[in-house]
1. Going through segment 3-30 one residue at a time, which ones are within 17 Å of F51 (Cα to Cα), part of a helix (DSSP H, G or I), free of Cβ contacts under 8 Å to residues at least 24 places away in the same chain and among the hydroxyl-bearing types (S, T, Y)?
2. Going through segment 1-48 one residue at a time, which ones are among the β-branched types (V, I, T) and at pLDDT 90 or above?
3. All but one of (1) open to solvent by less than 70 Å² (accessible area, probe 1.4 Å); (2) under 12 Å from the mean Cα position of the chain (by Cα); (3) of a type outside the set (A, V, I, L, M) hold for N29, so report the exception by its number.
4. Name the residues in segment 82-95 that are out of contact with any helix residue (DSSP H, G or I) (no Cβ under 6 Å at 6 or more places or on another chain) and closer than 11 Å to N29 by Cα, would you?
5. Across segment 16-26, what is the number of residues that are under 24 Å from A82 (Cα atoms) and open to solvent by 60 Å² or more (accessible area, probe 1.4 Å)?
6. Looking at A73, A86, can you tell me which residue is closer than 19 Å to L16 by Cα and small (G, A, S)?
7. Restricted to segment 72-97, and to residues that are in a helix (DSSP H, G or I) and open to solvent by 90 Å² or more (accessible area, probe 1.4 Å), which residue is nearest to L12 (Cα to Cα)?
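The values are calculated or read from the model by the stated rules, or taken from the named source; none is laboratory data. Everything numeric here is computed off the predicted structure, so don't read it as measured data. Glycine gets a Cβ as well: all are built from the backbone with ideal geometry, and neighbour counts include every protein chain shown. Side chains are part of the model used for accessible areas, which takes the heavy atoms of the whole protein and leaves out ligands, DNA and RNA. Shrake-Rupley method; radii C 1.70, N 1.55, O 1.52, S 1.80 Å.
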Amino acid sequence: MTSVPLPAYLVLALMLFCIGLYGALTKRNTVIVLISIELMLNAVNINLVAFSKFGMTPAITGQVFSLFTMTIAAAEAAVGLAILMALYRNRKTVHIDEMNTMKH
């Protein structure tokens, strides 16, 4: 059985991060921006696990940091969706361009 080389993980993480960055910077829909941020965090997780496996001294630290990142991503998604639902109730829109003031 052959192992997947480190550059394959890095290229996959790079593609995921670039797709997430593009979505976060160019899309107007807030839900898509949140999903794009999740993609970027997943790219970070892939890098953490890959460097943990292929590092100078393979250890479990990358997997532990990856678990912390997943916890932060879940909290970010929950808080972001709660804020989005509150904004939608007040503004009746999910477009970022129309949410430029705190008061309606």
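1. Correct list: empty.
2. If we filter segment 1-48 for residues that are among the β-branched types (V, I, T), which is where we start, we get 2, 4, 11, 19, 26, 30-33, 35, 37, 44, 46.
If the condition is that a residue be among the β-branched types (V, I, T) and at pLDDT 90 or above, then V11, I19, T26, I32, V33, I35, I37, V44, I46 are the ones that fit.
3. (2)
4. Step one: of segment 82-95, the residues out of contact with any helix residue (DSSP H, G or I) (no Cβ under 6 Å at 6 or more places or on another chain) are 82-83, 85-93, 95.
Selection gives T93, H95.
5. Of segment 16-26, the ones under 24 Å from A82 (Cα atoms) are 20-26.
This time we only want the ones that are open to solvent by 60 Å² or more (accessible area, probe 1.4 Å), so: 21-22, 25-26.
The qualifying residues number 4.
6. Details: A86 fails: closer than 19 Å to L16 by Cα.
None of the others qualify; the one that does is A73.
7. By that ranking, first place goes to I72.
Residue by residue, here is whether (1) more than 28 Å from P7 (Cα to Cα); (2) more than 15 Å from the chain's Cα centre (by Cα) holds:
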site: G20; (1), (2): no, no
site: I37; (1), (2): no, no
site: N42; (1), (2): no, no
site: A50; (1), (2): no, yes
site: P58; (1), (2): no, yes
site: Q63; (1), (2): no, yes
site: T69; (1), (2): no, no
site: A75; (1), (2): yes, no
site: R89; (1), (2): yes, yes
